[in-house]
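Structure, as structure tokens:
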Amino acid sequence: MHPHTPPLRGPHGLGELVKKIETSAASLKKRVRICRKKLKAVTKEHRRIAKAKGLFAVAATLTFAKESDFCAKHITRFLSCLRSKLKRQGHQLLYAWVLERAGALHYHLALWLPRGFKLDSAELAKWWPWGSTWNEACRKVSAWIHYISKRNCKKDLPKGARAFGCGGLDAQGKQTTQYAMFPRWLKAAVPPSAKVKRVAKVGWINMETGEVYESPWIWTPRGCRLKAKEATGQ
């Protein structure tokens, strides 16, 4: 047994070990890494769309005055209000948000808005009555994205709360972002245009051909190892 692997006692030993690892600092680091990777891919596509439609970036923060007011539907409500206003003016909302805790619980957002559109403070207060709001034009989008995807504020989020969300991508943006999130071994097996979906306990399925792609890696108490090596005991 690996010297850093705790003994597996009882029929639920392995499950308990998995649970501990999933909630460990290493797991948090992995989740933040995935969040940052997706934010980067989404932002790249948002920039492409923004350039074509003449949109500009806005950095915003929505803060809860009391944590007891937290509800996952509040961010949905806020975005719905902003989306409705933009729709009345013939525009679509492009956005990405991240939930953080640094003292107070808050959302950081990257919004893409049409030129001349202003976020009115009175409307913001109406759309977000649970605390304070802040926003300003975002001249360095990459720096803002790097800042909101930092690791040290992602701990102890409310149970069941999503840490990241985005919207407004076109078909090309969705396909490109999905491909960017594929594991390396899958990218080597399928082209960027492939429509592939992950199915639990099955693998990755090509929705056009029905072909199933299985990861060459397997999880063990010693960490992830290649199936071929694990089978031979190497």
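A few notes on this one:
- Rg and Dmax [Cα atoms of the chain; Å; Rg one decimal, Dmax integer]: 21.1, 66
- Protein accessible area in the chain, 1.4 Å probe - carbon and sulfur %: 55 percent
- Computed over segment 95-213, Cα set: Rg, Dmax in Å: 18.6, 53
- Difference of contour (0.36 nm per residue) and Cα-Cα distance, K85 to K118: 10.8 nm
- Relative contact order (%) - the chain, alpha-carbon pairs under 8 angstrom, separation at least six: 22 percent
- Inter-centroid distance (Cα atoms) of segment 95-113 relative to segment 30-56, Å: 14 Å
- Computed helical MRE - 222 nm, the chain, DSSP H runs ≥ 4 contributing -39500 (n - 2.57), nearest 500: -11500 deg cm²/dmol
- When segment 150-234 is reduced to its Cα atoms, the Kirkwood hydrodynamic radius in Å: 15.9 Å
- For segment 120-169, the Rg and Dmax computed from alpha carbons only, in angstrom: 13.9, 34
- Kyte-Doolittle mean at least -1.0, axial Cα span of 30 Å or more - DSSP H helices of the chain: 25-53
- Inter-part distance where segment 126-146 and segment 191-225 are each reduced to a Cα centre, Å: 37 Å
- Taking only the Cα atoms of segment 89-152, the ratio Rg/Rh comes out at 0.97, with Rh defined as the Kirkwood radius.
- The shape of segment 35-137 can be summarised by an equivalent ellipsoid whose semi-axes, obtained from the alpha carbon gyration tensor, come to 23, 17, 11 Å from longest to shortest.
- For segment 34-91, the spread of Cα positions along the three principal axes, ordered from largest to smallest, is 41, 34, 16 Å.
The values are calculated or read from the model by the stated rules, or taken from the named source; none is laboratory data. Given the structure is predicted, the values throughout are model-derived calculations rather than measurements. Remember, those area values only see protein heavy atoms, side chains included, never the ligands or the DNA or RNA. Shrake-Rupley method; radii C 1.70, N 1.55, O 1.52, S 1.80 Å.
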